[in-house]
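Below: the structure, in structure tokens.
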Amino acid sequence: MKTSDFFRQDKPVFSFEVFPPRNIDNDGAEKRVCETMDVIQEVQPDFVSVTYRGGGSNPAKATIQIASMIKDRYHTESVVHLPAARLDRAAVDDFLARAKDAGIQNILALRGDIPEGGRYSDDFHYASDLVAYIKQHGDFNILGACYPEGHPESPDALSDIRHLKTKVDAGTSELISQLFFDNEAFYKFVDRCRFAGIDVPIEAGIMPIMSTKQAERMRAMSGVELPAKLSNILDKFADKPDALRDAGIAYAIEQIVDLMAHGVDGIHLYTMDNPTVAGRIIEATRNIIRS
């Protein structure tokens, strides 16, 4: 099933992201993913996305194998990530062939982080180039990423929206946002998108903060702002990891409740493969998400 069909139903979409193991051939490599999926299944997610995890022996194989397992074992639709900066045209062709053979219909087309040594190739300079290529080479549903506070490499909000519109026009059917901690920034971003003629569904990406180190890393990598309320939480509980974890979960829950009250298209929860955290958020929001 194509995930774009879920947005035609009269309810918000609820989805998750999981990471494949670095070495899919190790005994028990799927165990952590299965532990997370066992918890996720309690809320009957619409779909689960599987990252393309660089650094393993065969990231394409791992991504597709985990996505296929999610479909077959858990009867849940899956989405595979495909990062342009790490691949050339031949590798993308191979990935698309593997996905088709595995019955995977949904691809999250990304530019992805530039590796430290530079791009593997420049066959797909922008994510929109990859979207257009996938569109020409199979009947896949294509998802895209968006940045409520602007892509960290974009010079301004207008340029960012223009690039996003190009990506949507190339064939992107729905968007999943990068994590953010300020809901007002997300609402303003959605308004800008609609004004620019970007009318595809936009899911809000939520990640609970578990440590001050994680928060600083997210701010450095993605350019997200930390609202005063969250900064106060981080300062107050910086040396109390259990309390900070609980506060981070509570903050994420509060974000989800507010987003749902504002009629968001969907929620995409970045689980970090932590079934305990995912379970607590699900328990606190299941009746709100599925109301």
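Every number here is computed from the coordinates shown, using simple stated rules; none is lab data. On a predicted model such as this, the values are computed, not experimentally measured, just so you know. Quick reminder, even Gly has a Cβ in these numbers, built from the backbone with ideal geometry, and neighbours come from all protein chains shown.
Mean residue ellipticity at 222 nm from the helices of the chain, using -39,500 (n - 2.57) per DSSP H segment of n ≥ 4 over the full residue count, to the nearest 500 deg cm²/dmol?
Mean residue ellipticity, 222 nm, calculated: -14500 deg cm²/dmol.
Going by how many other Cβ atoms sit within 10 Å of their own, how do ARG217, ARG111 line up, fewest first?
ARG217, ARG111
Could you size up the charge dipole of the range 3-289 around its Cα centre, putting +1 on the beta carbon of Lys and Arg and -1 on that of Asp and Glu, and report it in debye to the nearest 20?
Numbers: 31 positive and 44 negative charges, 34 e Å.
Once rounded to the nearest 20, the dipole reads 160 debye.
For a quick check: with amide H placed at 1.01 Å from N, whose amide H comes under 5 Å from GLY266's, ignoring anything fewer than 5 positions away on the same chain?
VAL13, ALA204
Cα convex hull of the range 160-291: mean projected area in nm², to one decimal?
8.5
Which order do CYS34, CYS193, CYS146 fall in if you start with the one that has the fewest other Cβ atoms within 10 Å?
Placing the least packed residue first, the sequence is CYS34, CYS193, CYS146.
Under a crude label model (7 Å from the Cα following the beta-carbon direction), how far is ARG73 from ARG53 in nanometres?
If labels sit at ARG73 and ARG53, their model points lie 1.3 nm apart.
Within 10 Å, count the other beta carbons around each residue, average over each peptide in 77-90, 260-273, and list them highest first.
Listed from highest to lowest mean packing, they are 77-90, 260-273.
If the cut-off is a Cα-Cα distance under 21 Å, which lysines reach LYS71, setting aside same-chain residues fewer than 8 apart in sequence?
Those lysines meeting the cut-off are LYS2, LYS31, LYS61, LYS100.
³J(HN,Hα) across the range 226-238 via Karplus (A = 6.51, B = -1.76, C = 1.60, θ = phi - 60°), whole Hz, x for Gly/Pro?
Rounded to whole hertz, the list is 9, x, 4, 4, 6, 4, 4, 4, 4, 5, 5, 10, 4.
What is the extension gain from GLN214 to GLU283, computed as 0.36 nm multiplied by their sequence separation minus the C-alpha to C-alpha distance, in nm to one decimal?
22.5 nm
Take each of the peptides 68-76, 223-231, 164-172, average the number of other beta-carbon atoms within 10 Å over its residues, and list them starting from the highest.
Descending packing order for the listed peptides: 164-172, 68-76, 223-231.
Search the structure for amide H atoms under 5 Å from the amide H of ALA145, placed 1.01 Å from N in the peptide plane, and list their residues when 5 or more places away or on another chain.
ILE176
Arranged from highest to lowest average of other beta-carbon atoms within 10 Å per residue, in what order do the peptides 133-141, 182-190 appear?
Per-residue Cβ counts within 10 Å, averaged per peptide and sorted highest first, yield 182-190, 133-141.
HN-Hα J couplings of the range 140-145 from phi, Karplus 6.51/-1.76/1.60, θ = phi - 60°, integer Hz, Gly and Pro as x?
Once rounded to whole Hz, the list reads 9, 8, 10, 9, x, 9.
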